[in-house]
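Note sheet for the following structure.
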Amino acid sequence: MTAPSTAVARVEARLEGDCLHVTLGGRWRITQARPMWPEVVADALAGVRDYPRVAHGRAGSASPFASPLTRVRLRFADDLAGWDSALVLFVDEAQRWCRGHDAFCDLAALPEAVRALAAQMASALEAGVSAPPAHPSNFLAALGHRAQTAWHETLEIAAFVGDCVLGAALLARHPRKFRWRDCLSEMQQCGAMALPIVGLISFLVGVTLAYTGAIVLRQVGGDIWIADIIGLAMVREMAAVMTAVVLAGRTGAAFAATLGNMKSGEELDAFVTFGIRPVDFLVLPRVVALGLMMPLLALYANALGMVGGLVVARSVLGIQPSAYWVEMLAHIDLSDMSTGMIKAVAFGLIVGLSGCLRGLQADRSAAGVGRAATSAVVTALLLLVIADAIFAVLFNLLGW
Amino acid sequence: MSLPNEIPAIEVAALECGYGGAPVLTNVTFSVRRGEIFFVIGGSGCGKSTLLRHLVGLHEASSGTVTFFGESFTAAAPARRRELLRTFGVLYQGGALWSSLTLRENIALPLEEYTPLSRVERDELVALKLGQVGLAGAGEKYPSELSGGMRKRAALARALALDPAIVFFDEPSAGLDPVTSRQLDELILRIRDTLGTTCVVVSHELASIFAIADRLIMLDRTARGIIAEGNPRELAQHSADPRVREFLTRGENQT
């Protein structure tokens, strides 16, 4: 080591009778290693245990160290270059050791500041070291707690949806009170601005479906049915679902973040104390915008998906576009179209409502806003899948 | 103004405030006279803001009543309650201006919702309100473009939009430098003097308390309620409660 001796914390322990003289030197930094009290004591007492033998051999007298240690005296060395909490920790260790071993810890030689800090440390430790609260170990208690939370959340969702329905009913009676301006700007945000991403994804979904279908259809020589598969899949299922997934990430999360931020800035409270319900003013324009835009986006997604399938059918299976078109029209009718559109509207409402709900529920903090955005996407996707399954059963029963 | 003068602006009786768990404040009773500048003071965490949020109806009190100009606010039916909200304005701690709207739109929104005014009349009123708080010509700015002090003044203009009889202030001087804070105090005084508005201020800013408060109540965390009520100067010198004297003198020159 080339570092000067003052660069590291150093302790010299010397026994005199029943008193351990501890000299603290060097530079004590909390960011660097420091001597530990138990080692210092062990070293010092190991010396004691050895000493009698040596002493005995030399002088033949009885061990002067037969009595246990009753005093520990700490003092600063002349070369002590600096100290901080590291030294306080060491002094505290020494004090606690002394208390446990019936020894007197003499700090009188230390500066007043060190003694004051050591005293603060001792009284702080008496109050208890703070630690994260333990999890409820009882399985039943934890289960009950979870169930209560889930029930509470369900109630919140029900209350929120009810609030929205009330707001919508009010709107139907006073359409002029509706914030059409906000609704239009939201429509632009979640509709027109989403066209590129929705278009790209739908086109690629069409391409992927076509390649997958082609594997099977080529084996049975039914190449032309590719048009029906892609047409039906897009119209009945993929267009609505893929658009909803894109908008859940793009728009639902944005709703949650916006409303969450407004909540933490007390902007929502400002609405409430002006007698304006945030649901009427903020939620409904957004949900209506999504409910109107989603079917339009799904239509657009249908078209792009079919184009994707057409491109693959033409280039891989060698089907003429006109044949593809005629085959598809023969098998897709209005009932297929309407199932897709009904789903799109429902998905739009789900994405909009979950985004706004999570935003309104957000904690008043930066982390709360982030969690709200995440939670909005997760909630929307979960509800989407559930709703899609319900729709599948329903349409099957209806024979659509 | 048609109501008889002896009815106080605000009467709070046996109010219990809390958020679900243990109540933060119990048995809070006080009344605020018309045109008074009334302070609610106390150390951090004593429930000042909690009390304010319960007074303006952001949280339901578990028991007790709040009465504005002789009409119960806590017992009012939801529709009537929404109307009663218009008797007061609130200046929130951070201003709470709606960030997606310009200052003009912020102030015009309550007017749009509740008045039959034409667009031109609204714009004129907005200009007046902005002028009253010293922000003339800043109507097309967004809240994010303003400094903290300007945001507070703009929020005050919005709180005054519907000419409320009462304005609640939540820590108006929080985060402001001493000079801006004093200017805001003067603004509060001027508004009270010109419009006769009753002002309820939640604050722990001693300079403001002594400069503009007519009367105050002091809340305490351990007492979970009011421990003093009266004029700040009298309380600072003659209060029987050492906590009150200590607070109002910053714990200095104890006698």
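The values are calculated or read from the model by the stated rules, or taken from the named source; none is laboratory data. Everything numeric here is computed off the predicted structure, so don't read it as measured data. Here Cβ is always computed from backbone atoms with ideal geometry, including for glycine, and neighbour counts include all displayed protein chains. Just the protein is used for accessible areas: all its heavy atoms, side chains included, with ligands, DNA and RNA removed. Shrake-Rupley method; radii C 1.70, N 1.55, O 1.52, S 1.80 Å.
Every condition in (1) part of a strand (DSSP E or B); (2) over 17 Å from the mean Cα position of the chain (by Cα); (3) farther than 19 Å from residue B:85 by Cα; (4) aliphatic (A, V, I, L, M) is met by residue B:40 except one, and the failing one is (2).
Here the helices (runs of 4 or more DSSP H) wholly within segment A:299-400 that include at least 2 residues being free of Cβ contacts under 8 Å to residues at least 40 places away in the same chain are A:321-331, A:366-398.
On inspection, residue B:132 fails the criterion of being modelled with pLDDT under 90, touching a strand residue (DSSP E or B) at 6+ places or on another chain (Cβ under 8 Å) and not acidic (Asp, Glu). Kindly provide the set of residues from segment B:70-115 that are free of Cβ contacts under 8 Å to residues at least 24 places away in the same chain, in a helix (DSSP H, G or I) and open to solvent by 50 Å² or more (accessible area, probe 1.4 Å), ordered by number. Residues satisfying the conditions are B:78, B:79, B:80, B:82, B:83, B:112. For segment B:181-205, the tally of residues that are in a strand (DSSP E or B) and either in contact with a Pro (Cβ under 8 Å, 6 or more places away or on another chain) or open to solvent by 40 Å² or more (accessible area, probe 1.4 Å) (or both) stands at 1. For residue A:300, the requirement of being more than 24 Å from residue A:284 (Cα to Cα), touching a Leu at 6+ places or on another chain (Cβ under 8 Å), among the hydroxyl-bearing types (Ser, Thr, Tyr) and open to solvent by 30 Å² or more (accessible area, probe 1.4 Å) is met. Answer yes or no as to whether residue A:282 is in contact (Cβ under 8 Å) with a residue 24 or more places away in the chain, within 14 Å of another protein chain (Cβ to nearest Cβ) and not charged (D, E, K, R). So residue A:282 fits the description; yes.
Which of the following residues is more than 10 Å from every other protein chain (Cβ to nearest Cβ), open to solvent by less than 40 Å² (accessible area, probe 1.4 Å), touching a Phe, Trp or Tyr at 6+ places or on another chain (Cβ under 7 Å) and polar (S, T, N, Q): B:67, B:50?
B:67 is the lone residue from the list that is more than 10 Å from every other protein chain (Cβ to nearest Cβ), open to solvent by less than 40 Å² (accessible area, probe 1.4 Å), touching a Phe, Trp or Tyr at 6+ places or on another chain (Cβ under 7 Å) and polar (S, T, N, Q).
Comparison of A:314, A:277 shows that the only residue that is open to solvent by 20 Å² or more (accessible area, probe 1.4 Å) and within 14 Å of chain B (Cβ to nearest Cβ) is A:277. Beta carbons closer than 8 Å, at least 6 apart along the sequence or on distinct chains, pair a first residue in segment A:73-101 that is assigned to a strand (DSSP E or B) with a second that is among the acidic types (Asp, Glu) and open to solvent by less than 60 Å² (accessible area, probe 1.4 Å) for A:73/A:106; A:74/A:106.
Entry remark, segment B:54-64: residues being open to solvent by 40 Å² or more (accessible area, probe 1.4 Å) and within 14 Å of another protein chain (Cβ to nearest Cβ) number 2 in total.
Within segment B:206-222, is there a residue that is assigned to a helix (DSSP H, G or I), hydroxyl-bearing (Ser, Thr, Tyr) and touching a Pro at 6+ places or on another chain (Cβ under 8 Å)? Yes: one or more hits. The residues of segment B:80-91 that are within 10 Å of chain A (Cβ to nearest Cβ) and out of contact with any Gly (no Cβ under 6 Å at 6 or more places or on another chain), listed by number, are B:81, B:83, B:84, B:86, B:88, B:89, B:90, B:91. Out of B:165, B:155, I need the residue that is within 24 Å of residue B:66 (Cα to Cα), small (Gly, Ala, Ser) and at pLDDT 90 or above. Which one? The match here is B:165. For residue B:244, the criteria (1) in a helix (DSSP H, G or I); (2) under 13 Å from the mean Cα position of the chain (by Cα); (3) more than 30 Å from residue B:121 (Cβ to Cβ) hold in every case but one, which is (2).
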